[in-house]
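Step one of this worksheet: look at the structure below.
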Amino acid sequence: MNFKIIRSFSAFVALVLISTSCKNNKAKKENLVFEEAYSIFMPVYLQENKSSILLTEFFEDSNAVDSVNSVGAVKIIYKKGESKVSVETNAASPKIFTLNVYSKGMCKSIVCKKTTRQTIAFEYKESAVKYKQIKVKGEFNNWNTEATTLSLAGNVWKGELNINPGKYNYKLMGDGKEISDHNNSDSVSNGMGGYNNILTVEAADRSKLPELSTQSFDNNNITIKCTNSPEAIICLWQNQIMSHELSNGNCILTVPDIAQKVDRSFIRVFAYNSEGISNDILIPLENGKVLENTTSLNRNDKEYNIMYFALVDRFVDGDTSNTQKTIDKNILPRANYYGGDLQGIINKINDGYLEKLGVNCLWISPIVQNPLGAYQEYPAPRRWFSGYHGYWPVTETTIDTRFGNDDVFKNLVTTAHQKKMNVLLDFVSNHVHSENKIYKDHPEFFTCIDLPDGRKNIRLWDEYRLTTWFEPFMPDINYDIPQAVDMMTDSALYWITKFGIDGFRHDAVKHVPSPFWLTLTKKIKLQVVEKEHRSIYQIGETFGSRELIGSYVSTGQLDAQFDFNTYFDASRILLNNDESFESLKNSITESCNYYGYHHLMGNISGNHDMPRFISFASKAISGSEDAKEAGWTRDVKIKDSVGYDMLIQLQALNMTLPGVPCIYYGDEYGDMGAGDPDNRRMARFGNMLSSKENNTLDKTIKLVQLRRNNIAMIYGETKFLQADKNVLVIMRKYFEQVSILILNKSNDIQTATFEMPDYTNSKSLKALFDSNFEISNGKMVIQIPPHQTEVLYSYK
């Protein structure tokens with residue numbers, strides 16, 4: 001059957017059903033309008049051959065689903081009343097298609113993408129050193145040493161890996177000890193003084209894939225330009241399939257009338273050909289009209305967020321009466337309380353600092369009660385710490401007395417909202433502290449610290465990912481127990497319903513199983529999103545492969561996670577003159593393939609668990625040393641001021657890429673810091689900053705404000721115009737508006753020359769940092785000094 005015909009017919013049926021239900025029942029229409037505004041379904045990434053899709057991720061009541069179908073060579077197995085749908089694909093199945101679900105007289109469609117996994121041979125040729133056993137651990141198997149064991153054939157160890165295209169860090173394990181793959185010279189620093197090998201699995205040639213771009217709009221018609229002959233195009237308004245026409249390589253859409261009833265809705269477009277899947281398009285609408293600028297965007301628009309992370313104890317001491325250090329001679333000063341509190345954050349909101357910076361989403365570290373005493377870390381050198389950071393919960397629903405109280409936190413949230421700023425609270429769901437009453441009353445709710453082989457299940461991050469304890473005093477919650485799931489999800493919900501916060505940053509997501517996240521998100525949708533008609537944003541923290549990270553990002557789980565892989569690649573490439581921006585291009589593209597080209601992933605400048613980027617960029621610490629130990633043993637200071645310029649390059653990249661930019665406090669001006677806790681120094685402001693730091697702050701403000709006010713940087717498609725050893729040029733394009741990021745990471749002046757869209761001329765572009773440029777015969781020519789940044793942007 002013809003895929004396009006079936007899709008158009010489904011769209012016709014869906015639109016008829018929508019319009020009929022609206023005419024017959026005003027209440028139903030109002031419910032639909034709200035539901036459509038808050039329930040875009042994320043694409044589902046299928047497994048090989050057969051996948052199971054949980055309908056309860058998408059629908060409140062799966063019993064109300066009448067039928068499910070799809071198109072082409074896709075087999076659907078569904079029995080009414082069941083909560084799951086089985087989807088079977090084969091070589092003839094479309095690379096991307098919709099699963100059409102009929103419920104309550106309407107059809108809603110879930111976009112499904114076939115996997116790009118492939119099985120590759122992995123070999124290790126023996127050296128002079130002989131081993132009895134060789135195993136492989138890496139990002140492709142979540143660093144699990146037991147996942148991949150090789151077999152010896154002659155003098156070659158052999159095995160197979162079933163993985164997606166991309167680049168993967170890995171290490172070999174020879175008789176239980178880490179060894180390097182001497183057959184593979186491609187390696188990268190592991191950030192701890194050692195190196196990992198790199199395995200590369202080539203992806204499809206993107207020059208042959210369909211490419212979609214926003215072309216024009218007029219009244220209710222939108223034109224999307226399509227290149228490389230798509231075999232099929234899927235267009236949706238919210239979760240409803242739209243009909244479309246093809247004309248001269250363009251896809252022409254008509255916005256459905258019902259969109260006029262919805263304040264904010266979206267059109268999405270996908271395509272594929274024999275080579276693979278295209279980029280995707282996201283077009284925001286306001287009452288059915290294409291959004292042309294950012295003036296109508298607000299706190300409910302998640303793509304509009306620019307996040308700022310304040311570690312409460314290390315930000316501002318606004319109330320000295322609650323300052324209380326842990327009295328213990330074993331604690332070194334930098335591991336003790338500094339005095340920052342919630343009132344200090346309120347003060348910085350009120351004095352306009354965050355507003356001037358331009359951020360509109362405040363993430364604050366955990367504020368629940370932590371122990372009053374000191375505790376010793378498990379691994380050597382076994383230093384002592386206080387709970388200043390907030391990640392040792394003694395309670396789940398009371399505020400640490402050293403940070404404030406309920407009234408102060410309510411005031412913080414209210415004050416932020418008055419400044420049109422969201423508040424995200426850091427929530428710890430993986431563990432509690434041993435002083436927590438839950439652990440004392442219900443030890444059966446926790447995993448066992450003793451393993452059958454006699455080892456302690458402590459810090460076995462990957463081998464026992466879902467059960468390991470972080471420390472002997474941090475019991476790991478066993479979410480196989482339903483009561484534990486209900487208890488902790490209710491605790492999270494408490495913070496939203498009582499204080500009106502706008503979402504969470506979730507700690508240690510990969511150590512918590514998916515059923516917890518499914519339960520929490522469903523409760524949030526039913527008890528907050530639907531009742532209060534407001535948006536809740538949930539972003540998680542997972543160190544691991546993109547596949548592992550992405551497994552927690554779905555319609556029924558989290559909106560996003562932090563994109564650590566892109567951060568690590570960007571840092572490595574910006575810091576190393578021998579690295580090419582081509583590698584960063586591939587890394588960014590890989591993230592878009594996993595999370596979508598308009599994802600909500602967090603693009604970080606750094607965080608509290610890693611050495612600050614500028615410490616490497618300024619040569620204060622080297623990539624070959626133990627950065628954590630450096631922070632304890634010496635005073636880490638800036639050595640080369642070029643680090644400030646390199647930090648601005650990272651900030652500019654984060655503001656340009658799809659996703660939610662996130663500034664770690666102090667990175668807006670270039671604070672120093674080696675490993676934890678040296679990277680958690682007290683925040684500084686005003687006359688405490690040097691001239692270099694003030695200059696860096698001014699540039700950061702310009703970048704943030706540009707992101708806030710340039711719709712192409714928020715909703716535009718992403719295109720690489722140049723990516724070589726020294727120069728990176730990325731364009732975000734939204735209809736006729738563009739922003740163009742240009743980075744030079746070399747020690748010399750570089751001239752960037754690249755093709756420009758045919759409608760763009762020098763009169764329609766400004767340079768954020770005042771570089772001279774010219775456009776001649778459709779080509780842009782611009783000179784960029786060493787380690788400098790420029791952003792060209794449209795203006796009217």
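The values are calculated or read from the model by the stated rules, or taken from the named source; none is laboratory data. Everything numeric here is computed off the predicted structure, so don't read it as measured data. Heads up, the Cβs are rebuilt from the backbone with ideal geometry, glycines too, and the neighbour counts pull from every protein chain shown. Heads up: the accessible areas ignore ligands, DNA and RNA and are worked out on the full protein's heavy atoms, side chains in. Shrake-Rupley method; radii C 1.70, N 1.55, O 1.52, S 1.80 Å.
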At 0.36 nm per residue, and after removing the present C-alpha to C-alpha distance, how many nm does the segment from residue 56 to residue 450 gain when stretched out fully? 138.2 nm
Using 0.36 nm times the number of residues separating residue 228 and residue 200, minus their current alpha carbon distance, what extension gain do you get? 7.5 nm
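Which whole-number percentage describes the relative contact order of the stretch 610-676, with Cα contacts under 8 Å and a sequence gap of 6 or more?
51 percent
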Span-like helix ranges in the chain, DSSP H, alpha carbon extent 24 angstrom or more, Kyte mean at least -1.0: 3-24, 482-499
Say the dipole of the stretch 534-689 comes from +1 at the beta carbon of Lys and Arg and -1 at that of Asp and Glu; which of 687, 540, 588 then lies farthest toward its positive end? 687
Be a star and scan the stretch 116-151 for residues whose amide nitrogen sits under 12 Å from the point 7 Å along the Cα-to-Cβ vector of residue 158. 121-124, 151
Output the Kirkwood hydrodynamic radius of the stretch 130-268, Cα pairs only, in Å rounded to one decimal. 19.6 Å
Pairs beyond 19 Å (Cα-Cα), from 137/510; 50/510; 137/167; 208/725: 50/510; 208/725
Gyration tensor on Cα atoms of the stretch 316-428, a ≥ b ≥ c root eigenvalues, a/c under 1.5 rounded, else prolate if a/b beats b/c, else oblate, says prolate
Taking R0 as 30 Å, what FRET efficiency do you get between residue 75 and residue 466 from their Cβ-Cβ distance, rounded to the nearest 0.05? 0.40
Roughly how big is the chain's charge dipole about its Cα centre, with Cβ charges of +1 (Lys, Arg) and -1 (Asp, Glu), in debye to the nearest 20? 900 debye
Where does each of 386-396, 466-476 land if you order them by average Cβ count within 10 Å, highest first? 386-396, 466-476
Calculate the dipole size of the stretch 569-711 relative to its Cα centre from +1 charges on Lys and Arg beta carbons and -1 charges on Asp and Glu beta carbons; express the result in debye to the nearest 20. 500 debye
Choose one of 274, 239, 166: the residue whose Cα lies farthest towards the positive end of the charge dipole of the stretch 160-313 (beta-carbon charges +1 Lys, Arg; -1 Asp, Glu; about the Cα centre). 239
For the stretch 658-714, what does the alpha-carbon gyration tensor say about shape, rounded, prolate or oblate, given a ≥ b ≥ c as the root eigenvalues, a/c under 1.5 as rounded, and a/b over b/c as prolate? oblate
Evaluate the Debye formula for the stretch 417-470 with equal point scatterers sitting on the alpha carbons, no solvent, and hand back log10 of I(q)/I(0) at q = 0.17, 0.20, 0.23 Å⁻¹, in q order, two decimals. -0.66, -0.80, -0.96
In debye, nearest 20: dipole of the stretch 241-295 around its Cα centre with unit charges on the Cβ of K, R (+) and D, E (-)? 120 debye
Using only the alpha-carbon atoms of the stretch 190-290 as identical scatterers, what base-10 log of I(q)/I(0) does the Debye formula give at q = 0.16, 0.19, 0.24 Å⁻¹? -0.68, -0.87, -1.24
Relative to the compact-globule scaling 2.2 N^0.38 Å, provide the ratio for the alpha-carbon radius of gyration of the stretch 347-409. 1.46
Dimensions of the stretch 439-593 along principal axes (Cα, Å, largest first)? 57, 52, 23
Grab the Cα-Cα distance for residue 287 and residue 382, subtract it from 0.36 nm times how many residues apart they are, and report the gain in nm with one decimal. 28.3 nm
Anything over 21 Å Cα to Cα? Flag those among 302/523; 158/456; 114/289; 628/692; 79/114; 84/113, in the order listed. 158/456; 114/289; 628/692; 79/114
With a point put 7 Å past each Cα toward its Cβ, work out how far residue 748 is from residue 121 in nm, to one decimal. 4.3 nm
With an 8 Å Cα cut-off and a minimum separation of 6 or more residues, compute the relative contact order for the chain in percent. 9 percent
Given a 1.4 Å probe and every protein chain left where it sits, what share in percent of the accessible area of the chain is carbon and sulfur? 48 percent
The stretch 495-615: relative contact order in percent, alpha carbon pairs under 8 Å with at least 6 residues between: 23 percent
Which of the GluC sites (Glu not before Pro) across the stretch 121-182 are loop residues per DSSP, with 13 or fewer other Cβ within 10 Å? 146
Just order 181-190, 366-375 by mean Cβ neighbour count inside 10 Å, highest at the front, would you? 366-375, 181-190
Taking the full set of protein chains and a 1.4 angstrom probe, give the accessible area of residue 83 in square angstrom, rounded to the nearest 10. 50 Å²
What do you get when you divide the Cα radius of gyration of the stretch 346-485 by 2.2 N^0.38 Å, with N the number of residues? 1.26
Using only the Cα atoms of the chain, build the gyration tensor, take square roots of its eigenvalues as a ≥ b ≥ c, and label the shape rounded, prolate or oblate: rounded if a/c is under 1.5, else prolate if a/b is larger than b/c, else oblate. rounded
What is the set of long-range amide H partners of residue 476 at a cut-off below 5 Å, with H atoms built 1.01 Å from backbone N? 447
